[in-house]
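So the structure is just underneath, and the comments pick up after that.
The values are calculated or read from the model by the stated rules, or taken from the named source; none is laboratory data. Predicted model, so just to flag it, every value in this text is computed and none were measured. Heads up, the Cβs are rebuilt from the backbone with ideal geometry, glycines too, and the neighbour counts pull from every protein chain shown. Ligands, DNA and RNA are stripped out before the accessible areas are found, and what is left, the full protein with its side chains, is counted by its heavy atoms. Shrake-Rupley method; radii C 1.70, N 1.55, O 1.52, S 1.80 Å.
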Amino acid sequence: MNHVIRNIQQTTIESLDNASRPGRAAPDELVPSRYALRVGEIDVLVISDGVVTPPAESMATNADPAVRAAWLDDMLLSHDAFDWALNEVVVRSGSQTILIDSGLGAEVPDFKRAGHLVHRLEAAGIDLSSVTDVVLTHMHFDHVGGLLVDGVKERLRPDLRIHVSAAEVKFWEAPDFSRTGMPPELAEIARQASKRFVKEYRSQLRIFEEQHEVAPGVVVTRTGGHTPGHSVVRLKSGGEALMFAGDAVFPVSFDHPEWHNGFEHDPEEATRVRVRLMRELAETGAWLVATHMPFPSVGRVAVAGDLFRWVPAWWDY
């Protein structure tokens, strides 16, 4: 356990935490919005972009409504809207600073509690111009939106590399929403956001097929399922490991991995991917961080009979 206590850190990674300097506090600094840890020699900072609140049924579109309601009751959650965290990750490996996903930006004005990534990076002392690479798990609007905020592109490095799977870029040329539970207005937002993103950043895209090493110990791998090109990022260093699972794992996935999420473009494949990844995490003991797990979304997966159990890290501050 000593390495756990040593590795999970809130403020001791000096290179990632300059927010305590006078005058650097953002307006919402009383809200916990970043959590630092170390995976071997790799520095990791989980950044909260905020919270989105889609309808509660979107987390389990194939569930019996009564069973879904019972699960929500057991978790003391509303039957109307389900609070989904939006977590992004900054990784420093060697000379590279890597941003994994970019949050909502201003793509859905109705989601007023999200879209905070840029100023929360600033509060953590991370200038956009220091980011050498961006990895996109996929191109839904809550993952590319931060890059579409007015003025952001001008602050990024001209030689920025954006890593995304070939299957993902291909899919969004003519996206199919027929198997999702997305309402038409969100589907249209997703379509337009992906189109704008590719138009604005095409020259900086670094396309990979199935797997690509972004930096030492930082590997992105296509899983498919949630979207055809959905990918996860695995960090490995010094005998330690962490997986950023993007939208492969949700809070309900531990009790009901078979429940389909309304944003999944291939729900059956997404379920297979989800179960495979959680089995891997349970076997390896690697840390899990996922986009929509409650912030700071740092924990491990354990087997619980035929299902799984979420084991959150002790918050160290």
Next item on the list: Read phi for every residue in region 78-91 and hand back ³J(HN,Hα) as whole Hz from Karplus 6.51 cos²θ - 1.76 cosθ + 1.60, θ = phi - 60°, with x for Gly and Pro.
Entry: 5, 7, 9, 10, 10, 6, 9, 5, 10, 10, 10, 9, 10, 10
Next item on the list: For region 30-125, run through the GluC sites (Glu not before Pro) and keep only the ones in DSSP coil with at most 11 other Cβ atoms within 10 Å of their Cβ.
Entry: none
Check: Using alpha-carbon pairs under 8 Å, 6+ residues apart, how would you state the relative contact order of region 60-184 in percent?
Finding: 22 percent
Next item on the list: Scan (1) 19.2, 57; (2) 19.9, 67; (3) 18.3, 53 for the value of Rg and Dmax of the Cα atoms in Å calculated from this model and give just the label.
Entry: (3)
Check: Tell me, what ³J(HN,Hα) does each residue in region 151-159 have, in order and in whole Hz, if you take phi through Karplus 6.51 cos²θ - 1.76 cosθ + 1.60 with θ = phi - 60° and put x for Gly and Pro?
Finding: x, 5, 4, 5, 8, 7, 5, x, 9
Next item on the list: Subtract the Cα-Cα distance of Val303 and Trp315 from 0.36 nm times their separation in residues, and report this length gain in nm to one decimal.
Entry: 2.1 nm
Next item on the list: Summarise the accessible area of region 210-317 (1.4 Å probe, protein heavy atoms) by the percent that is carbon and sulfur.
Entry: 53 percent
Check: Heavy-atom accessible area per residue, the chain, 1.4 Å probe: how many Å²?
Finding: 43 Å²
Note to self: As an exercise, identify the GluC sites (Glu not before Pro) in region 183-260 lying in DSSP coil whose Cβ has no more than 13 other Cβ atoms within 10 Å.
What the structure shows: Glu209, Glu210
Next item on the list: Report relative contact order for the chain in percent, whole number only (criteria: Cα-Cα under 8 Å, sequence separation at least 6).
Entry: 18 percent
Next item on the list: Would you kindly derive the ³J(HN,Hα) couplings of region 63-77 from the backbone phi angles with the Karplus curve 6.51 cos²θ - 1.76 cosθ + 1.60 (θ = phi - 60°), listing them in order in whole Hz, with x for Gly and Pro?
Entry: 8, 4, x, 5, 5, 4, 4, 5, 5, 4, 5, 4, 8, 6, 10
Item checked: In nm, spacing of pseudo-spin labels at Val152 and Ala166 (7 Å Cα→C-beta vector) -> 2.7 nm
Note to self: Run the numbers for Arg279 and Val198: contour at 0.36 nm per residue of separation, minus the present Cα-Cα distance, in nm.
What the structure shows: 25.8 nm
Next item on the list: Using R₀ = 25 Å, calculate the FRET efficiency as 1/(1 + (r/R₀)^6) where r is the Cβ-Cβ separation of Ile207 and Ala106; round to 0.05.
Entry: 0.40
Item checked: Where only alpha carbons of region 190-264 are counted, the Rg and the Dmax (Å) -> 14.9, 42
Item checked: Antiparallel DSSP beta bridges within the chain, as percent of all bridges there, nearest 5 -> 80 percent
Notebook entry, point to check: According to a simple spin-label model (label point 7 Å from Cα along Cα-to-Cβ), what is the distance in nm between Asp255 and Phe177?
Noted result: 2.9 nm
Check: How much of His292 can a 1.4 Å solvent probe reach, expressed as accessible area in Å² and rounded to 10?
Finding: 0 Å²
Item checked: Share of carbon and sulfur in the accessible heavy-atom surface of region 25-147 [1.4 Å probe, %] -> 55 percent
Next item on the list: Name the long-range amide H neighbours of Arg206: under 5 Å, sequence gap of 5 or more, or other chain; modelled H, no Pro or chain starts.
Entry: Ile162, His163, Val164
Item checked: Relative contact order computed over region 96-148 (Cα-Cα under 8 Å; 6+ residues apart), in percent -> 59 percent
